[in-house]
Amino acid sequence: MAIMSVIALAGNQNSGKTTLFNELTGASQYVGNWPGVTVEKKMGHLKSNKKLMFLDLPGVYSLSPYTLEERISRKYLIEQPPDLILDVLDSTNLERNLYLSLQLMETGLPMILALNMKDLLKKQGRTINLKKMEYLLSLPVVSLSAVKKENVPDLIKQIQKSVKEPPKYPYPEYDDRLESALTMISQQIQSYVTPSKLRWYSIKFFERDEEIQQEIKLSIQQQREIEDIIKTAEEIFGDSSDSIIVNARYDYVAQIMAMCVIDRNDFQISVSDQIDRIVTNKWLALPIFVLVMWLVYYLSIQTIGTIGTDWVNDVLFGKWLPDIVGSLLSSWHVAAWMTELIIDGIIGGVGSVLGFVPQIMMLFLCLGILEDCGYMARIAFVMDRIFHRFNLSGKSFIPMLISTGCGVPGIMATRTIESEKDRKMTIMLTTFMPCSAKLTVIAMISGTFFPGQSWVAPSAYFLGMLAVVGSGIFLKKTRMFSGPPQPFVMELPAYHFPRPGNILHYVWSRSKNFVQKAGTIIFASCVLIWFLSSFNWQMHMVDQNHSMLKTIGSVLAPVFAPLGFGDWRATVAVIAGLIAKENCVGTLRLAFGSNSAQSFAQALNSTFSPMAGYAFLVFNLLCAPCFAAIGTMYKEYGDKMWTFRAVFYQTSLAYICALSIYQCWLILTGSFTGLNILYAIIGLSIVIYGLMIKKDKPVEKNEALI
Ligand code: GDP
Ligand code: MG
C-alpha cells in the first residue's frame, strides 16, 4: 500500500502554482534542487494530511525539450511519474494554458484541472462552464483562487478523491488522419513501452523528438517504417509533423474554448440591445413599425411637409409664377395657344409635380433618419422573421426599402439575392412599394379626398408591403418560384445618433432626382398631354371635351368603371402615369383645367367619391411601374417574356386589389347593387384563392430530380 501519494503541480509560468503550493502545504515545505541543475525543487505535504506530498514543478509552456525547465518537468513526469498531476491554469489565459494541459494529458497520468484566478475571471466578464469542460475532457475541473483562498477546500477534496480512485480519462483525440498515423506508430513501438505511455511515445516519435529517438532504440526497419508513416501524414496535411501536432492541439483547445467559455461581454445588454428588445420584440415590432411609419407620413404628407407644399402650390405656382409669366407673355403679345401651353401646360403641370418637393424632402428626411440611426436594419430583421414564415427571404426586403426612394435602384438591388427564383420574384414585387413619384399620387389623393385623415398615406405604404407579402405567399407556391427561402444573415449595427451629413445627402440625392425628372420627363409629358388635350384629331384647337385626349381616355375608361374612376380624365392619368408616376397628378390637373389647388380639389371631389379616389391610388400604387422601372426590369431579367409576365402580374394585382377595395367599400357603406356584390365576390375570391391555393407539389418533386 502506497504510504504517500505524490501530486505534481504543473502549469504555465505565473499560473499561480507556487501560490497554490504555499496555500496547500503551509510551513511544511522543503526546498532542494532538481538533480544536476540549480533549478529549485520544492516539496511539501498537505497541511492536514502528511500522506499527500506536493511537488512544485517549474513553470513551462510545453513538454518539448526546448528549455531547461521543460526538460526537467518532462523527464520527471515520464521517469518518476507522480500519482496525480495537478494542472494549475490561469483561467484568464485559458487558451494558452489548455495547450499545456493537452500535453500533460498525453502523458497518460491521472490529472485534475485547477482553474486558478477565479477572482480575475469575474472581472473579465467571463464564465467558464465547468461541468461542460469536465465532460469534454473527462477530467475533474475545479475553479479557485489561490490568492483569495477561494474554493481551495473543494480542490483538496477533489485531490483526495482522485488519489484514492485515479480518474481514468481518454486521451484527447485529434484529427482522424493524424490519429491513424499515431495508431500505426504505436504498433511499431508497443513492445518497447508500457501501454499507458504508448500515446505519449507515439506522439513524440511523430514529432521526431530526438531525445525520445535516443531513449528508445528501434530497429532500422522500424525507424524507416515510422518515417514513412510520418512522411505520408506530412503529405496529407501539407505541413511538417510537429506543426501537425501543434495545430491539432490548438484545434482541440479552440473547440473546448468555444464550448465552455462564455464571454459575458458578448451578452452584456447595451443600450442598443435594450432598445432592440422592444423594437424587435415578437409582438411589439410590427405595431411599433406601423406607428413609426404613420408618424413619418403624418409629418411629411399631413403636417410639416404640407405647409411647404401648400405654399409652393398656392402661392408660387398658383399665383406668383402664373401672374408674372402671364403679364410678361401678354406684354410680349405671345399667341394665345402659346400662353395657354406655358401657363396651363407647363407651369400648371410641372408645377403641380414640383409642389410635392417639400413633402418629399420631409419624407426622405424622416426615412433618412430612420435608416442612419439603424432602425431600418431592425425592420429588415423583423421582416425576415415574417417573410420566412411564408417561405420568403428577408433579403427581398432590402430592395423594397430602396424602392421607397425609386424603383429603379430597388430593382437593381435584387442582384444581392443569390437564388435565381427569389430574385426574379423580388424584381416583380419590389415596385409595389410607394416610390417618391407615387408619393405625389398618395399626397394628392389624401389631401383632396381625405383632408385631415392621417391614415391614408401610411396605408399606401403598408398596402404596398402587403402586396409584396401576399404575392410572395402566392407566387412561392407556384412552380416558377417555389423553393426554400435563402437564409438571411445580417449584423445589426448599434444604434447611433443620425449624422446630419448622411441625412442631408440622402434627402438631397433623392429630391434632386425628383426635381430633375420634373424638368425633363414630366416637362415633356406635360407638353404632350397639353397638346392632346387642346387639339382634336383634325389638329384644330378645341376645348378638352372634343380633344384627342378625351377620345383616347373614353375608349379605355369603361375598364376602370368597376374601380370607381371610369372617367376619361382619370384613365388618361393612369396611362400618363406609365411614363412617370408624377404624371398622374400633372395630367389630372391639366385635364381638370383648374387654376388653383383648391379649385382642383373641388373639381375632383365633385367628380369622384373619396373611395374612387382611394381605388385610383391603389391602382396606381400597384400597377405596372413607370417605363424607367420597366426598362430596368427588362435589363435585370434579360428576357422579354419575364418582363411581360411581371408587368402583367402587377397590373392584374392592382386591378383586383382596387376592385375589391372599392366594391367592398360600397357594400359596407350600404350603397350597392347586385353588380357591386358580383364584383366584390370576384375580386375577393381571386385574392383568397391566391393566398389559400395549395402548393404545386408534384412539380417541385420533378424539379428536385433535375
Ligand atoms: P507560478 O509562476 O505558477 O508559480 O505563479 P505564482 O504562484 O508565482 O503566481 C504568479 C502571480 O499570480 C503572483 O503575483 C500571484 O500573486 C498571482 N496569483 C496567483 N494566484 C492568483 C489568484 O488566484 N488570483 C489573483 N488575482 N492572482 C493570483
Ligand atoms: Mg512558481
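So here's what we get for this one:
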read-out: Count of residues meeting criterion [open to solvent by less than 80 Å² (accessible area, probe 1.4 Å) and part of a helix (DSSP H, G or I)] in segment 183-206; value: 16
read-out: Count of residues meeting criterion [under 15 Å from residue 298 (Cα atoms) and either open to solvent by 40 Å² or more (accessible area, probe 1.4 Å) or not hydroxyl-bearing (Ser, Thr, Tyr) (or both)] in segment 446-480; value: 11
read-out: Of all residues in segment 313-332 being aliphatic (A, V, I, L, M) and open to solvent by less than 70 Å² (accessible area, probe 1.4 Å), the one that is nearest to residue 357 (Cα to Cα); value: 316
read-out: From the options 438, 421, residue that is closer than 25 Å to residue 637 by Cβ and buried (at least 23 other Cβ atoms within 10 Å of the Cβ); value: 438
read-out: Total residues in segment 1-24, condition under 16 Å from residue 158 (Cα atoms) and open to solvent by less than 10 Å² (accessible area, probe 1.4 Å); value: 6
read-out: Residue match in segment 27-47 (condition: under 49 Å from the mean Cα position of the chain (by Cα) and either within 15 Å of ligand 2 (Cβ to nearest atom) or crowded, with 17+ Cβ neighbours inside 10 Å (or both)); value: no
read-out: Any hit, segment 29-38, residues being more than 25 Å from residue 140 (Cα to Cα) and in contact with a helix residue (DSSP H, G or I) (Cβ under 6 Å, 6 or more places away or on another chain); value: yes
read-out: Restricting segment 513-541 to residues that are over 46 Å from the mean Cα position of the chain (by Cα) and over 15 Å from residue 345 (Cβ atoms), the residue that is least open to solvent (accessible area, probe 1.4 Å); value: 536
read-out: Segment 97-123 - residue that is more than 16 Å from ligand 2 (Cβ to nearest atom) and in contact with an Asp or Glu (Cβ under 8 Å, 6 or more places away or on another chain) and, of those, nearest to residue 254 (Cα to Cα); value: 101
read-out: Residues located in segment 94-124, provided they are among the polar types (S, T, N, Q) and open to solvent by 20 Å² or more (accessible area, probe 1.4 Å); value: 124
read-out: Only one of 90, 83 that is surrounded by fewer than 21 Cβ atoms within 10 Å (Cβ to Cβ), within 16 Å of ligand 2 (Cβ to nearest atom), of a type outside the set (Phe, Trp, Tyr) and assigned by TED's automatic domain parsing to the domain that holds residue 151; value: 90
read-out: Some residue of segment 165-182 being acidic (Asp, Glu), within 16 Å of ligand 1 (Cβ to nearest atom), out of contact with any Phe, Trp or Tyr (no Cβ under 8 Å at 6 or more places or on another chain) and part of a helix (DSSP H, G or I); value: no
read-out: Residues located in segment 566-591, provided they are under 27 Å from residue 323 (Cα atoms) and open to solvent by 30 Å² or more (accessible area, probe 1.4 Å); value: 569
read-out: Options 57, 52; residue that is free of Cβ contacts under 8 Å to residues at least 60 places away in the same chain and either of a type outside the set (Ser, Thr, Tyr) or within 13 Å of ligand 1 (Cβ to nearest atom) (or both); value: 57
read-out: Qualifying residue in segment 347-357 (condition: closer than 23 Å to residue 598 by Cβ, at pLDDT 85 or above and open to solvent by 30 Å² or more (accessible area, probe 1.4 Å)); value: yes
read-out: Entirely in segment 372-426, the helices (runs of 4 or more DSSP H) that have 1 or more residues that are closer than 12 Å to residue 468 by Cα; value: 375-389, 397-403
read-out: Pairs with Cβ under 7 Å, 6+ apart, first in segment 354-377 and farther than 16 Å from residue 513 by Cα, second of a type in the set (Phe, Trp, Tyr) and surrounded by fewer than 23 Cβ atoms within 10 Å (Cβ to Cβ); value: 373/495; 373/497; 374/495
read-out: Flag if residue 72 is without any contact (Cβ under 8 Å) to a residue 40 or more places away in the chain and within 16 Å of ligand 2 (Cβ to nearest atom); value: yes
read-out: Residue among 293, 259 that alone is in contact with a helix residue (DSSP H, G or I) (Cβ under 9 Å, 6 or more places away or on another chain), assigned to a helix (DSSP H, G or I) and open to solvent by 60 Å² or more (accessible area, probe 1.4 Å); value: 259
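The values are calculated or read from the model by the stated rules, or taken from the named source; none is laboratory data. Keep in mind it's a predicted model, so treat the numbers as computed, not measured. Counting neighbours? That spans all protein chains shown, and the Cβs are built from the backbone with ideal geometry, glycine included. Accessible surface is based on the protein model in full, side chains and every heavy atom, while ligands, DNA and RNA are left aside. Shrake-Rupley method; radii C 1.70, N 1.55, O 1.52, S 1.80 Å.
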